[in-house]
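One structure is given here, and the rest of the page talks about it.
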Amino acid sequence: MAIRFQRIIPAKQILKRILPSSPELVNVPKGHVPVYVGETQKKRFVIPISYLKHFSFQNLLSQAEEEFGSDHPFGGLAISCREDTFIDLTCSLNCP
């Protein structure tokens, strides 16, 4: 019986791709990353880097990358999904 693993993107690899030299990082606390969320208009959220290792968050990132590529012109992660979907996901990650 073969076990199939989902593609797991290491947090360091994600951060190197999106944060090489972003002036917007001035307002981001240490240990956090800016994320731009929305289908048409992007809203900025600042989330803990630890969220990047969670399976459900990585699924969301993979879906966004497949649909829209990995170019992040905002200086942070750009995720094209509904804001309420993103908020629900981050709330579930925040709960113990």
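Structural remarks
- In this structure the amide hydrogen of ALA78, modeled in the peptide plane, comes within under 5 Å of the amide hydrogens of TYR36, none closer than 5 places in sequence on its chain.
- Compared with the alpha-carbon gap, the fully stretched path from CYS81 to GLN63 is longer by 5.5 nm at 0.36 nm per residue.
No value in this document is a laboratory result; all are computed from the given coordinates. For clarity, every value in this text was computed on a predicted model and none was experimentally measured.
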